[in-house]
Amino acid sequence: MKLDLKLWPASALCALMLPGAAMAADFTIVDGQTETMTQTLSDPGDVGTVEAGGTISTAGDNHHAVRMNENGQSLANHGRLETSGEWAMGILSGGNDAVISNSGVIETSGGNASGITSGGDGAEIGNSGTIATSGDWAMGIYHFGADSVVLNSGTIETSGNSAYGIASEGVDAEIENSGAIETSGLYSDGIWSHGANAVIGNFGTIRTSGLSAEGIWSDGANAAIDNSGVIETSGDSAEGIDSSGANATVSNSGTISTSGDNADGIWSHGANAVVLNSGAVETSGDLAYGILSEAADATIGNTGTIVVTGAGAAGVLSTADGATVTNSGTIASEQDNALELQGSNATLNLLAGSVIRGGVEFADPGTATLNIGPGLNTALTVTGMPATVDAGGQPLVVSGGVVAVVDPVGFAAAPSMIAGATGALANSLDRRMRGPVSSSAPSFVTSYFPVAGGGDEGTSAAGWWGDVFGGMSSRSASGNEAGYGQLHGGVVVGFDREVSASTRAGLFAGGLAGRFAEDNDATVVGMTGIFGGAYARHDAGAFFADLSLTGGVTFNDSDRQVLNNLAPGGIETATASYAGVFASPSLTVGGSHEVAGTTFTPSLRARYTGIYLDGYAETGSAAALTVDSRVHHVFDLRAQVETALVDRDDAGDMQRVSLRAGVDGIFHRGDDVDADLLGTGISFASGTDEDVARGFVGVDAAHVMPGGRTFNAGFEVGAGTDSVVTLDLRAGLRGRF
């Protein structure tokens with residue numbers, strides 16, 4: 001238990017009651033004018049202005065530069081205010097609804113001599129200039145009225161003990177810093193707040209130097225504290241953010257850096273607090289925790305980075321009951337536990353993207369819960385194994401204080417890439433055998449190179465062709481399923497010739513490659529391969545049939561990122577290499593029909609891909625897997641309709657563009673994955689055994705040039721009931737012998 005010995009500012013009420021030299025009601029200090037006596041706004045609604053080049057300079061205790069006594073008064077300083085003496089404020093305001101703005105310079109020298117002090121409710125205080133104070137309890141801006149707003153976009157510098165950059169004692173205060181606050185002295189916090197319902201935001205820079213000189217200190221209930229800027233502290237017990245009010249919310253999306261013993265990044269000791277870090281928290285010092293929570297029912301979330309280096313300093317330490325810690329970021333302790341939950345009924349949720357470096361400890365394991373989310377492989381060493389360990393249905397082994405979880409999504413990678421590549425290849429073969437639909441010529445003619453310059457269209461006896469094809473698919477994370485992205489592609493060349501007046505047949509060969517990457521690169525699988533096959537087409541005018549057979553070999557490399565909190569860096573890579581063999585026959589039937597002067601070509605394709613994958617043994621991780629060989633089957637039924645968009649033939653310069661749309665029914669069937677993990681046999685589904693309906697639309701184009709060469713290209717986009725979005729691209733060149 002840490003003690004918060006912060007002292008509250010001495011009340012400025014006595015300063016408000018002390019006499020001052022009342023010089024005028026409304027006043028204006030013009031450029032080149034210097035006044036040496038206090039300028040006083042004495043009537044409600046009075047307005048004071050110090051123009052650029054104007055100066056008010058006072059000397060002596062309680063001799064303020066400007067004094068505002070009544071409600072509704074306003075002051076704008078564009079020049080210079082300077083005081084020298086105890087309790088000599090730059091600006092002292094006691095009325096409600098004051099409006100104070102400084103775009104010039106305010107300098108004070110003396111104890112309790114704040115730059116701006118406001119005691120009324122509803123004040124609006126803005127600084128876009130410079131406020132500098134020197135002396136104990138000499139705050140940059142100090143207000144103790146309710147419903148006040150303090151905005152700093154300039155510079156505030158204080159030098160002295162308990163000399164806060166901005167201090168607030170009123171309820172419902174709004175404090176925002178988008179500029180720079182620098183303090184030097186014991187207990188001299190950057191922002192100090194002692195009112196309930198405060199809203200505190202730092203979007204700029206706060207730097208403090210001194211014992212217990214904290215970046216932001218708040219003890220009011222229901223406070224909302226947000227740092228998206230930079231907080232740097234230097235000194236023992238100088239927390240980055242210190243919040244002790246109940247129901248407070250502390251959010252950091254910026255940077256918090258502390259240097260000193262007991263100088264936590266974030267210290268929360270109010271009940272029901274919520275602490276969220278999506279930025280960076282770094283501490284350097286003994287017992288300087290990244291996040292320290294000392295009140296019941298706290299909620300702590302980290303999606304950013306927490307790194308601590310001192311002796312006895314945990315990354316996240318919760319000492320009270322009912323804490324819930326959720327992490328998908330990095331938590332690292334160089335000399336102690338990364339995560340330590342000392343209270344009862346503690347819950348730790350580790351999600352995809354988690355990196356833990358250091359121990360994980362539950363002081364009351366009998367009431368504790370550890371949840372491992374989807375997309376995370378683990379070899380997590382735990383002290384005080386929780387009574388409840390849940391991996392959400394993912395393969396799980398607990399042995400010898402180690403929690404090993406296997407994310408199954410990556411095991412769908414090889415079948416998915418092979419199925420995707422063979423599907424894209426099947427589309428290339430379809431285009432070779434049919435080409436874009438023509439509104440006038442049979443597809444047999446538009447596919448097989450019209451004879452340029454002749455009066456009658458026909459086909460060559462033999463032809464060659466080559467295609468480059470590729471595609472991608474992706475799925476966003478949803479529920480218990482991790483997201484992923486997949487790329488696949490290849491190159492194919494082929495030769496075919498007429499075997500009868502209405503039939504052609506040919507051979508093809510090529511290479512393919514692919515990459516499957518799960519979110520956060522939890523699993524990455526790379527694939528290369530070679531393939532070959534044969535195809536044939538029979539065209540009987542209104543009816544056609546296409547047949548192909550593809551076979552090939554793939555070579556796969558797998559990298560699984562495994563969270564190991566005792567490994568250097570907190571992450572291990574389990575690697576493996578294995579081969580695969582596949583065969584894919586395909587049959588397409590269809591015909592052309594004219595409706596209202598427009599030719600439509602409906603077709604139905606049935607394709608099967610059988611995949612055999614070798615077994616393998618991973619290396620490089622304490623939770624390395626030994627995986628048995630397996631077989632996977634993919635059945636794809638495609639129904640589509642195609643029609644011409646462009647059909648032009650100018651003296652042998654032929655152009656064809658067609659639109660097609662349809663639906664795929666994709667059915668995956670295969671063996672479960674049988675493996676050994678930490679000496680325990682496990683079996684789980686590969687994540688691809690589901691039936692999917694996928695709608696798609698595509699465009700294909702061909703440009704037949706004089707001389708018989710044809711350039712062709714096409715694309716297809718689709719979306720399935722499995723939330724996978726796909727894109728396939730193709731381009732190629734054809735010619736005749």
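The values are calculated or read from the model by the stated rules, or taken from the named source; none is laboratory data. Remember, predicted model here, so these are calculated numbers, not experimental data. In this analysis, Cβ positions are derived from the backbone assuming ideal geometry, glycine residues included, and neighbour counts consider all displayed protein chains.
Annotations for the structure displayed:
Here's the yes/no breakdown for (1) within 26 Å of W87 (Cβ to Cβ); (2) part of a loop (DSSP other than H, G, I, E, B); (3) not assigned by the TED database to the domain that holds Y289:
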position: I156; (1), (2), (3): yes, no, no
position: N161; (1), (2), (3): yes, yes, no
position: E176; (1), (2), (3): no, no, no
position: A196; (1), (2), (3): no, yes, no
position: G201; (1), (2), (3): no, no, no
position: L211; (1), (2), (3): yes, yes, no
position: T233; (1), (2), (3): no, no, no
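- From the options N69, N77, residue that is farther than 22 Å from G129 by Cβ, assigned by the TED database to the domain that holds G122, without any contact (Cβ under 8 Å) to a residue 60 or more places away in the chain and not charged (D, E, K, R): N69
- Test: residue in segment 196-206 that is touching a residue at least 40 places away in the same chain (Cβ under 8 Å), over 30 Å from the mean Cα position of the chain (by Cα) and over 21 Å from A314 (Cα atoms): yes
- Evaluating T367 against the criteria (1) over 25 Å from S237 (Cα atoms); (2) surrounded by fewer than 21 Cβ atoms within 10 Å (Cβ to Cβ); (3) among the hydroxyl-bearing types (S, T, Y); (4) touching a residue at least 24 places away in the same chain (Cβ under 8 Å) leaves one unmet condition, (4).
- Total residues in segment 670-683, condition surrounded by fewer than 16 Cβ atoms within 10 Å (Cβ to Cβ), assigned to a strand (DSSP E or B) and within 34 Å of the chain's Cα centre (by Cα): 3
- Residue, nearest to the chain's Cα centre (by Cα), within segment 246-259, restricted to residues that are surrounded by fewer than 24 Cβ atoms within 10 Å (Cβ to Cβ) and assigned to a loop (DSSP other than H, G, I, E, B): S253
- Every residue from segment 336-346 that is within 27 Å of R560 (Cα to Cα) and either touching a residue at least 60 places away in the same chain (Cβ under 8 Å) or surrounded by fewer than 19 Cβ atoms within 10 Å (Cβ to Cβ) (or both): A338
- Near pairs, Cβ below 7 angstrom, 6+ apart or cross-chain, from segment 260-277 (at positive phi) to any residue that is of a type in the set (A, V, I, L, M, F, W, C) and assigned to a loop (DSSP other than H, G, I, E, B): G260/A238; G260/A288; N262/L287; N262/A288; N272/A246
- Where strands (runs of 3 or more DSSP E) sit wholly within segment 519-624, those with at least 2 residues that are under 22 Å from V492 (Cβ atoms) and over 34 Å from the mean Cα position of the chain (by Cα) occupy 523-539, 543-563, 571-591, 598-613.
- Subset of segment 498-529 [closer than 19 Å to A426 by Cα and either exposed (fewer than 14 other Cβ atoms within 10 Å of the Cβ) or of a type in the set (G, A, S) (or both)]: A505, G506, L507, A509, G510, G511, A513, G514, G529
- Qualifying residue in segment 378-388 (condition: crowded, with 19+ Cβ neighbours inside 10 Å, under 30 Å from F555 (Cβ atoms) and outside the structural domain of G532 (by the TED database)): yes
- Look at segment 105-132: where a residue is on the phi > 0 side of the Ramachandran plot and a partner is modelled with pLDDT of 95 or more and part of a strand (DSSP E or B), sitting 6+ places away or on another chain with Cβ atoms under 8 Å, you get G110/T83; G110/S84; G110/S134.
- Of the strands (runs of 3 or more DSSP E) lying entirely inside segment 294-370, those containing at least 2 residues that are aliphatic (A, V, I, L, M) are 305-308, 316-318, 330-341, 347-350, 355-362.
- Among the residues of segment 213-226, none qualifies, meaning not one is in contact with a Phe, Trp or Tyr (Cβ under 7 Å, 6 or more places away or on another chain) and surrounded by fewer than 24 Cβ atoms within 10 Å (Cβ to Cβ).
- Check on T550, surrounded by 17 or more Cβ atoms within 10 Å (Cβ to Cβ) and either touching a Cys at 6+ places or on another chain (Cβ under 6 Å) or on the phi < 0 side of the Ramachandran plot (or both): yes
- Residue check for G400: over 30 Å from D219 (Cβ atoms) and under 28 Å from the mean Cα position of the chain (by Cα): no
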